[in-house]
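The values are calculated or read from the model by the stated rules, or taken from the named source; none is laboratory data. No experiment lies behind these values; they were computed from the predicted model shown. All Cβ positions, even for glycine, are placed from backbone atoms using ideal geometry, and neighbour counts span all protein chains on display. We work out accessible area using only protein heavy atoms, side chains counted, and drop any ligands, DNA or RNA first. Shrake-Rupley method; radii C 1.70, N 1.55, O 1.52, S 1.80 Å.
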Amino acid sequence: MSNFIIRTAQERREQIRRDAANMGIKDDYISTLVETFYSRVRTDPELGPIFDGVIGDNWDPHLQRMKDFWASVALNAGRYSGKPVPAHTRLEGVSRRHFSTWLHLFRSTLKDTAPSPEAIDYFMERAERIAESLQFAMFGMPGLQTQDGVPTKSRTIDV
Ligand code: HEM
């Protein structure tokens with residue numbers, strides 16, 4: 001006979017936070033990660049101009065949104081309620097190469113700042129999964145041309 005354990009959403013959320021805390025992941029680390037990552041993005045020769053064009057000098061709201069986003073992804077904080085897909089499909093001049101650069105920069109930021117080796121994998125797994133979804137929304141399946149050459153824009157991402 002198998003035993004089923006039924007947990008409430010609240011219990012699941014607490015478990016996620018306990019697991020993350022055991023890796024050293026809490027709000028203060030998410031704040032460090034986001035601040036460090038985007039300070040590197042801003043000076044990156046490929047990514048910097050793309051962000052500059054959209055965000056200009058108005059970085060504070062973007063950084064706050066990204067802290068809420070990562071707290072929701074990593075800690076199930078439920079603080080983010082934006083729409084990542086349209087925010088990216090409307091960007092001009094972004095290719096798969098930019099995503100590869102983004103992921104490299106994210107990994108090196110984690111290597112330099114993460115509170116534990118497990119935390120690096122924890123964030124990278126999630127970043128890679130979301131990057132895949134965004135690229136699918138923007139460019140379609142790798143190697144598959146959409147009928148009219150226009151990227152699929154209808155995907156949503158649950159965080
Ligand atoms: C080529 C790689 C990427 C570029 C150039 C890029 C660029 C941008 C820019 C310019 C914005 C601001 C959009 C606006 O305010 O209208 C933005 C927002 C955002 N990005 Fe990215 N991004 C990239 C990859 C990613 C990845 C991999 C993730 C997640 C793992 C991500 C998550 C987000 C989120 C959550 C927002 C806020 C969307 C909103 O609620 O308005 N981005 N991104």
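Of the residues making up region 61-101, those that are over 14 Å from the mean Cα position of the chain (by Cα), surrounded by fewer than 14 Cβ atoms within 10 Å (Cβ to Cβ) and in a helix (DSSP H, G or I) are Pro61, Pro86, Arg96, Arg97. Scoring Gly24 on the criteria (1) in contact (Cβ under 8 Å) with a residue 60 or more places away in the chain; (2) under 20 Å from Arg129 (Cβ atoms) leaves a single failure, condition (2). Taken together, the residues in region 105-138 that are within 11 Å of the ligand (Cβ to nearest atom), of a type in the set (Phe, Trp, Tyr) and over 21 Å from Asn22 (Cβ atoms) amount to 1. Checking each residue in region 89-104 for being under 28 Å from Ala21 (Cβ atoms) and in contact (Cβ under 8 Å) with a residue 12 or more places away in the chain picks out Trp102, Leu103.
Per this entry, Thr32 is counted among residues that are of a type in the set (Val, Ile, Thr), open to solvent by 60 Å² or more (accessible area, probe 1.4 Å) and either at pLDDT 95 or above or not in a loop (DSSP other than H, G, I, E, B) (or both).
Annotation: Arg96 fulfils all but one of (1) of a type outside the set (Val, Ile, Thr); (2) within 9 Å of the ligand (Cβ to nearest atom); (3) within 30 Å of Ala9 (Cβ to Cβ); the unmet one is (3). What's the number of the only condition in (1) among the polar types (S, T, N, Q); (2) within 15 Å of the ligand (Cβ to nearest atom); (3) not in a helix (DSSP H, G or I) that Asn3 fails to meet? Of everything listed in (1) among the polar types (S, T, N, Q); (2) within 15 Å of the ligand (Cβ to nearest atom); (3) not in a helix (DSSP H, G or I), Asn3 misses just condition (2). The set of residues in region 5-19 that are closer than 10 Å to Asn76 by Cβ and surrounded by 10 or more Cβ atoms within 10 Å (Cβ to Cβ) comprises Arg12, Arg13, Glu14, Gln15, Ile16, Arg17.
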